[in-house]
Each structure stands twice: as C-alpha cells, then as structure tokens.
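Please treat every number below as a calculation from the coordinates, not as lab data. Note that this is a predicted model, so its numbers are computed, not measured. Glycine gets a Cβ as well: all are built from the backbone with ideal geometry, and neighbour counts include every protein chain shown.
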Amino acid sequence: MRRGLVCADAGQAFPIYIAAVAGLLFLALAYFAVGQAAATRSEAQTAADAAALAAALETRDRLTDEWVANIRKPESWLDIFEGNVAVPSGCWRAHQLAARNDATVDCQPDGPLGYTVVAETNGTVGDTIVPGTENRKATESATAVIEARCSFDEPAKEPEGEVLLKLSCEDGENWDLKLDDLVNLPNPEDLFDVHLADSQTNDE
C-alpha cells in the first residue's frame, strides 16, 4: 500500500517538475532576449557617439586651419571661434566612423558648432522568443559640440614697436603670438574643446 502511494506521489510531482523546468527555461530565454536587445542598443549608441564626435573633430580641425590662415587678421578671429565662417561639413567623418561600427547614420549640423547624429545598427537583435526581433534594429542619437577654449585681446604695440597678439586659454594656457615669429602656434585641441552634449568627455 505504501509503495503505491509513493508511486502516485511521484507521478503527480513529475508534471510539476516539468512545468518548473519549462518556466525556468522561458525566463532564461527572456533574459537572453533582453540582453541581446540591450547589446544592440549599446552598439547603436557607441556608433552615434563616435560619429558625432568625429564630425565635430573634423570641423574643429578645419576651424583651426582657418584661424592659421587668418592669423594676421585678428579682426576675423571672433567669427572663427564662434563658427561663423564657411568650412566644409564634417559629416563625411561621421559616416566613415559609423561604417567602422557596423552602422549607418543621419548626420545634421546642430548650429555652427555642433552635430547631431542618429545611428542605426546594420545588425538586428536576432531570433529570440519575442516575435519580430529577428528584423529589429537599434537606433540611438548623440550630439557633439565644439567650444572655443580661448579669448583674445586686441593687438597691442610693444615698446619696441612689435605687434603682439595675446591669446588666453583655459587651464591657464596663454599664448603671446609675435607676428614676425609665428612658429609655435596652438594646436586644435588648444583652441577648441569637443565633447558630447550630455557629457564632458574631452576630445583627443
């Protein structure tokens, strides 16, 4: 009699065990699907960040070229530092960086000194227990801005008559630029800071 009861209990427990295992398996697959989606979104955000920064850095370099070309015309410096000069768009660099991150982007200027990029992954979330994820891509956006790091004084005559251009930059960096000795000039990173709009990640 006791043996029969044991067998009956075992028979009743087996479906419960199967249901519990199935439930755990479903949860594991669900967590896997969430993880895949999060990883794909992270890839899209990385691509957007890199592309926006690349476009801004390209424009920073072109603004620096413009400043060097007009270094003897300090009256034009303010327009250069504020981005109010015609320089080529840096969006081509955004597309280049996005391709390296296996994504495509829509890149648009955001004022004279910024770019907003929307990146979409080429890869999808993949097959999961969630219907439709096999064709679902991730889309994220980022904005990078360029900020001038320096201010300048009007040209002044030195006692010996030499014109000296004084450039005062952040972190206590000061440049005294003599018009007859324009060799050691500031680098692009000395003149401009580039970072994402929602962070303070400095440029390289």
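State, to one decimal in nm, how far the label point of S42 lies from the label point of R72, with both points 7 Å from Cα in the Cβ direction.
5.5 nm
Separation between the R100 and D153 pseudo-spin-labels, each 7 Å from Cα along Cα→Cβ, expressed in nm?
4.2 nm
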